[in-house]
Amino acid sequence: MDTSRRNFLKASTATGLFAMTYAPGTLGAVGAKALQGGDKTVYSFCEMCSSRCPIEAKVVDGKNIFIQGNHKASGTATSVCARGGSGHNQLYDPQRLVKPLIRVGERGENKWREAGWDEALDLVAKKMLEIKEKYGAQSFVFTAKSSQTHKLMTTFASAYGSPNCFSHFSCCPITYQMVCEHMYGDAKLKRDFSNAKYIVNFGHNLFEGIVISDTKKLAAVAEREDAKLLVLDPRFSVVAGKADEWLPVKPGTDLAFVLALIHTWIKNDTYDKEFIEKFTIGFDKVVEATKDTTPQWQEKITGIPAKTVERIADEIWKAAPKVIIDWGHKTTTAKAEYIRTRAIMTANAMMGNWEKKGGIFGGKKAKFYNKLIGEELIPEITNPDSAIKVPKVPRIDAAGEDGRNKFVSRSHGVLMEIPNAILSEKPYPVKGWFSIRFNHPINVAGTDKTIESLKKLEFIVSSDVYMNDFSIYADVILPESTYLERDEGIEDKSGQKPAYMIRNKVVDPVGDTKNGYDIFRELARRMKIDEQYSANTMDEWRMKQVKGNAELLAALVKDGYVTWKVPGILLREKDSIKGLVKKYPSASQFVGEDGLMESQVKFKTESGKIELFSEKVEKQFPGFGCLNTLGMDVYGGHELCLMTGKTPIHTNGHTQNVPFLNALMSDSPVWVHPKTAAKYGIKTGDKIFLQNKFSKDKATVFVTEGIREDTLFLYHGFGHVSAGLKRVNGVGTNQSKLLDPSYGEVCSTMITNVGVDIVKA
């Protein structure tokens, strides 16, 4: 199909018969109105994945025709990935939703009628108030992809009175962020890839992820003769293909490898004892926990020879502190993931790489930077709606309360708990669900149970760009504007120095859509729950976010990305400190006799140090306050383990229907090793079933030597069941159906590796 805007407009204004080929409420059925705007370049940031890279979009005659990275942001420069470059293709997709829809058939039957916004919003407000009156506000749950939209949703849900807000955290980044917060006091630590001499990568497939700024830096490291990239991954990923050394580790056993490294360093006395003494607590517990985790012990678990571990331990120490043992950005692969990540962060501490060039560091936000230089040079931003708090009433998942979800944020929750709560009506009945840009049946374990729970609810609202697998069960669908059609607030992008970026609207909305802010703000107004809202429009909200600093806001609107011509800071690097003091002499008061700012190396933990042992974790989860050897099995008695990962073409379950991206990758076959294929009598292109006690789903075979014999691999995000996603409906495998619904310890996250059997179709 020719999806250019000119031909689409011709088609969409043709006969009614042609329009009937598109579902109600889609752009193909409604037709696009003429767009307003002259020739211009707009600076914003992407949302085709969660990396949110700064972009610039060239607009001609009101049409977005080209997207590239924002050249004013040095980390990305003009680079953009396939997803980022396809944003305008989603914008003009005839299959995207551009009109509110109200269900007219049975739930899940996919029968709808178009509605105006007033009717749709009035219905949502009426039903939500009725449910609140009858069952209490806590009976409504809210889900969103983590983003500014999630923050807006949390504000609305809190004003409504429900504590039950959820984001994608529990099925993606929660483990590494929780560990970093527990140990270092900062959930979002940074990695200085550019200056590293040795990088250990555990399946962090940056070339497939993609975080453009980090990917470019890692690519440069991979090309350097004086640096080494070591990759441990059961499959030969793109990152593995660029590595100096690839170790096909057995799925779920990364932990054993790291514990063996720690054991070797302690045995050989090759670690930074001064750093450990000065900046950490609990090292004695680490020594005790790893006394038996020898390289020989790990060989039996991982399949990696003991001599290889001993060699690598020596290589890493010789490169320290310019070392990064990378915790990655991935979903939990085994129950051991929390301890695996604790072990990785312990290994980093032992190399003394904190606030060192080529190591890891904390972001230098405006408040901290201003303190060092002794003047209010960098303006600070705030949350205008901070007064609207999450209600202090029990959540359905008990997040933040004593128990298995003790350390889970009450703003993000545990997604897997929602269907259980709906079906059991415990701890109380759940009667409504509002989801904005999140596809629960594809992204969360237990798809069959999710669908069963959706059929039981009294009222469901979905707000999205497409008719996704969740939307098809909704009562009302509110079409959200794409990221190219909406203004949003400011995000802090501080690294070694402060930086901000903002999302600016590139084009006026195509069709009849609204942005998330206006949807929630208008609903709050109609429901008369907006007393504490600080603003009426996004423009007002932005101005409050910058505390009335019109100059800063104007700069962000103009350039999309703002930083300052000030030295970046690493607190334990003499050259970095010298550069800062040279420009701002008042900063010298924080410099010690050794030329460092180690007095400012403060961790937001209870001890004020890196907690290699955590008393608060140990109290709630005995044995998990330090390190242990539990939870590495992901096979569950099966011969094969099914792994999933990301592709550089698609984002989770969000982009498979975007025309350009679908043309690049329209299916996701399962990777099978040749010996495994021969054993089962299958070949590339054959249809099979993947099966375990949890469910069964179809798959297409792709035979490759780039995978272990005992492992299968799928790119995540396929297996959609929604007639509204015409390009991918029924295509590929939904691995969420097959996942074990049990949780990882401490962080309560979804486990993405699972044992399966191959059954010939």
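Rounded to the nearest 0.05, what FRET efficiency do Ser599 and Glu376 have when you use their Cβ-Cβ distance and R0 = 22 Å?
Efficiency, from the Cβ-Cβ distance: 0.55.
Placing +1 at every Lys and Arg Cβ and -1 at every Asp and Glu Cβ, with all other atoms neutral, what dipole size does the chain have around its Cα centre, in debye to the nearest 20?
760
Would segment 71-219 count as rounded, prolate or oblate if I go by the C-alpha gyration tensor, calling it rounded below 1.5 in a/c and otherwise prolate when a/b exceeds b/c, oblate otherwise?
Note, shape of segment 71-219 comes out oblate.
What is the spin-label model distance, in nm, from Ala219 to Asp448 if the labels are put 7 Å beyond Cα along the C-beta direction?
About 4.4 nm separates the two model spin labels.
Would you mind classifying segment 640-760 by shape? Square roots of the alpha carbon gyration tensor eigenvalues, ordered a ≥ b ≥ c; an a/c under 1.5 is rounded, otherwise it is prolate if a/b is larger than b/c and oblate if not.
Because a/c hits 1.5 or more and a/b fails to exceed b/c, segment 640-760 counts as oblate.
Given H placed 1.01 Å from N in the peptide plane, which residues other than close sequence neighbours of Ser463 have an amide H under 5 Å from its amide H?
Ser435, Ile436, Arg437, Leu478
For Asp314 and Asn383 in the same chain, what is the full-extension length gain: residue separation times 0.36 nm, less their Cα-Cα distance, in nm?
Gain in length upon complete extension: 20.1 nm.
For the chain, what is the calculated [θ] at 222 nm in deg cm²/dmol (nearest 500), taking -39500 (n - 2.57) for each run of four or more DSSP H residues and dividing by its residue count?
Mean residue ellipticity at 222 nm (helix-derived): -8500 deg cm²/dmol.
Under 9 Å from the Cβ of Phe140, count the other residues' Cβ atoms, weight Lys and Arg +1, Asp and Glu -1, and hand me the total.
Charge balance near Phe140 sits at +2.
In this model, which of Lys365/Lys558; Lys216/Lys760; Lys188/Lys406; Lys449/Lys683; Lys197/Lys679; Lys58/Lys544 are farther than 31 Å apart at the alpha-carbon?
Over 31 Å Cα-Cα: Lys216/Lys760; Lys449/Lys683; Lys197/Lys679.
When the chain is fully extended, how far beyond the present Cα-Cα distance does Glu274 get from Ala761, taking 0.36 nm per residue of separation?
169.3 nm
Give me the base-10 log of I(q)/I(0) for segment 423-503 at each q in 0.22 Å⁻¹, Debye formula, one uniform scatterer per Cα, rounded to two decimals.
Debye intensities relative to I(0), on a log10 scale: -1.00.
What distance in nm lies between label points placed 7 Å from Cα along the C-beta direction at Ser742 and Glu425?
Simple spin-label model gives 3.0 nm for this pair.
Express the relative contact order of the chain as a whole percentage, based on alpha carbon pairs under 8 Å and six or more residues apart in sequence.
18
Say the cut-off is 23 Å between C-alpha atoms; which of Lys455/Lys687; Lys72/Lys217; Lys111/Lys426 go over it?
Lys455/Lys687; Lys111/Lys426
Calculate, axis by axis, the spread of Cα positions in segment 148-275 along the three principal axes, and write the results as whole Å, longest axis first.
Result for segment 148-275: principal-axis Cα extents of 57, 33, 30 Å.
Report the equivalent ellipsoid semi-axes for the chain in whole Å, largest first, defined as the square roots of five times the eigenvalues of the gyration tensor built from alpha carbon atoms.
One finds semi-axes of 40, 32, 26 Å for the chain.
Can you give the convex hull volume of the alpha carbon atoms of segment 472-569 per residue, in Å³?
145
Sort the following peptides by mean Cβ neighbour count (other Cβ atoms within 10 Å, averaged over residues), highest first: 231-238, 159-166.
In decreasing order of mean packing, 231-238, 159-166 become 159-166, 231-238.
Taking the Cα centroid of segment 149-201 and of segment 697-717, what is the distance between the two, rounded to the nearest whole Å?
That distance is 29 Å.
Quick one: plug the Kirkwood hydrodynamic radius of segment 369-501 (C-alpha pairs) into Stokes-Einstein at 25 °C, 0.890 mPa s, and report D in µm²/s.
The calculation lands on 136 µm²/s.
Starting from the Cα of Ala663, step 7 Å along the direction of its Cβ; do the same at Glu130; then give the gap between the two resulting points in nm.
It is 4.6 nm.
Sort all Cα-Cα distances of segment 688-738 into consecutive 5 angstrom bins from zero, then give the percent of pairs in each bin up to the one containing the longest distance.
Going from the shortest bin to the longest, the percentages are 4, 19, 25, 24, 17, 7, 3, 1.
Work out, step by step, the length gained on full extension between Leu630 and Lys574: first 0.36 nm times the residue separation, then minus their alpha carbon distance; give nm to one decimal.
This chain segment gains 16.0 nm when fully extended.
How long are the three semi-axes of the equivalent ellipsoid of segment 561-650, in whole Å, if each is the root of 5 times an eigenvalue of the C-alpha gyration tensor, listed from largest down?
Largest first, segment 561-650 gives 43, 24, 11 Å.
Sort 54-64, 500-510 for me by packing, meaning the mean count of neighbouring Cβ atoms within 10 Å per residue, highest on top.
500-510, 54-64
What is segment 309-388 by shape, rounded, prolate or oblate, if you read a ≥ b ≥ c off the alpha carbon gyration tensor as root eigenvalues and call it rounded for a/c under 1.5, prolate for a/b larger than b/c, and oblate otherwise?
Oblate is the answer for segment 309-388, as a/c is 1.5 or above yet b/c matches or exceeds a/b.
Read the figures in this text as sums done on the coordinates, not as results from a lab. Bear in mind that the values here come from a model prediction, so they are computed numbers and not experimental data. Here the Cβ is made from the backbone with ideal geometry for all residues, glycine too, and neighbour counts use every protein chain on show.
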